[in-house]
Amino acid sequence: AAKRAGGNRMQIFSDDMRVEVRERIAAENRLREALAGDLTETLPIWWQPIVAADTGLVVGAEALVRMCTPQGDILGPGHFVPAAEETGLIVPLGEHVLRRAVIRLLEWTDHLDYVSVNVSPRQLAEPDFVPMLANLLAAHPALDPSRLVLEITETALLSSSVDVRERLETLKGLGVRIALDDFGTGYSSLTWLQSVPADVVKLDRSFVAGLSADPRKASIIQAVLWLARSLGMSVVAEGVEDPADWHALRELDCPSCQGYLFGKPMPPAAFAAFLQPAANRQEPLRLVS
Ligand code: C2E
Ligand code: MG
Ligand code: MG
Ligand code: MG
């Protein structure tokens with residue numbers, strides 16, 4: 001009986017694996033198809049506001065890629081970015097996102113200071129990444145490169161064969177800024193802070209959500225804010241959904257916030273409307289104190 005149970009478990013396990021492999025292949029095929037199409041249609045970039053904590057007004061935006069399937073579904077990055085990383089298709093995908101970011105920066109110059117773009121470890125390790133970005137910036141001399149922020153996660157530091165620190169120094173040499181994304185969730189956050197020439201820390205939403213009701217979270221955030229300030233770095237609190245958490249972040253003097261409270265990721269037209277000063281002021285920014 002034990003043997004048969006074991007056999008059954010094996011059976012279930014390999015079924016799961018088959019499903020997983022099939023999904024991987026489907027994701028890769030979808031991605032190849034999307035990359036062969038009109039990228040602005042198949043892989044649109046959505047924009048999420050980043051606001052000044054004290055006023056709630058927009059200072060920047062994060063570029064968050066989506067995929068529109070031929071069936072009309074809109075997929076989040078979790079459905080295709082991992083496959084893009086594994087196959088190397090993240091290189092053309094990432095270039096597309098950067099190109100759109102530069103175009104929007106110029107278009108929205110009057111309405112925001114910067115846009116933030118996620119850069120995966122694989123992209124960062126690519127020898128062509130720096131020249132590609134240098135060319136892109138050179139093609140848009142009107143753009144102040146410091147208005148482009150590259151978001152890097154800690155895993156880039158661990159999983160990469162290239163000297164990430166050196167690569168980031170080179171990127172900073174182009175004038176762009178570097179942000180540490182999902183800060184605090186990795187196991188080498190302090191090493192990361194010490195060794196990487198970053199300008200911005202993005203506090204992961206696991207520290208931020210529920211902060212007003214949790215003194216331990218508040219203490220951790222206070223310490224990170226202090227640390228960042230002493231290192232000359234700015235801080236963005238991610239995942240702000242609750243007005244009480246926003247209030248607590250203001251009390252702690254956190255410079256900026258991002259989260260559903262201020263705005264979800266939006267397609268470009270909706271974001272452009274959101275950027276209009278009137279719309280901006282109408283946002284649900286009532287403080288509870
Ligand atoms: P991330 O860079 O940490 O982006 C923030 C994610 O949190 C986004 O999910 C955003 O929609 C979500 N978020 C923002 N505010 C809130 C909130 O108040 N509550 C909650 N529950 N969630 C919030 P999204 O768009 O699904 O992106 C997921 C991840 O995919 C990103 O995490 C980033 O790591 C990756 N990603 C997105 N776009 C790109 C890209 O162009 N290139 C690369 N390499 N990765 C990307
Ligand atoms: Mg990010
Ligand atoms: Mg993040
Ligand atoms: Mg995050």
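The values are calculated or read from the model by the stated rules, or taken from the named source; none is laboratory data. Note that the structure is predicted; figures quoted are calculated from it, not measured. Cβ: placed from backbone, ideal geometry, glycine included. Neighbour counts: every protein chain shown. With ligands, DNA and RNA removed, areas are computed over all heavy atoms of the protein, side chains included. Shrake-Rupley method; radii C 1.70, N 1.55, O 1.52, S 1.80 Å.
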Checklist outcome for this item: With x for Gly and Pro, the residue-by-residue ³J(HN,Hα) of the range 260-274, computed from phi through the Karplus equation 6.51 cos²θ - 1.76 cosθ + 1.60 at θ = phi - 60° and given in whole Hz, is 4, 4, 8, x, 7, x, 10, x, x, 5, 5, 5, 4, 5, 4
Checklist entry - Expressed as cubic angstrom per residue, what is the convex hull volume of the alpha carbon set of the range 194-270? => result 103
Next on the checklist: Viscosity 1.567 mPa s, temperature 4 °C: what is the translational diffusion coefficient of the chain from Stokes-Einstein with a Kirkwood Rh over Cα pairs, rounded to a whole number of µm²/s?
Outcome noted: 63
Next on the checklist: I want the local charge near Arg165. Using Cβ-Cβ distances under 15 Å, sum +1 for each Lys or Arg and -1 for each Asp or Glu among the other residues.
Outcome noted: -3
Checklist entry - Hey, what's the range 176-226 come to in accessible area per residue, 1.4 Å probe, Å²? => result 48
Next on the checklist: In Å², and per residue, what accessible area does the range 10-88 have when probed at 1.4 Å with the other protein chains present?
Outcome noted: 54
Checklist entry - Among all the aspartates and glutamates, which ones have a C-alpha under 14 Å from Lys202's C-alpha, if same-chain residues fewer than 8 places away are not counted? => result Glu62, Glu151, Glu154, Asp181, Asp182, Glu238
Item to check | Among Phe271, Phe183, Phe262, residue whose mean-square fluctuation peaks in a GNM of the chain (springs only between Cα atoms under 10 Å) | outcome: Phe271
Checklist entry - When the solvent-accessible surface of protein heavy atoms is calculated with a 1.4 angstrom probe, in what order do Lys264, Lys202, Lys217 fall, highest first? => result Lys264, Lys217, Lys202
Checklist outcome for this item: Share of accessible surface on carbon and sulfur in the chain, whole %, 1.4 Å probe and ligands ignored, is 54
Checklist entry - Which residue, Ala26, Ala218, Ala101, tops the fluctuation ranking in a GNM of the chain built on C-alpha contacts under 10 Å? => result Ala26
Next on the checklist: Of Val119, Val59, Ala272, which is farthest towards the positive pole of the chain's charge dipole, taken about the Cα centre with +1 and -1 on the beta-carbons of Lys, Arg and Asp, Glu respectively?
Outcome noted: Val119
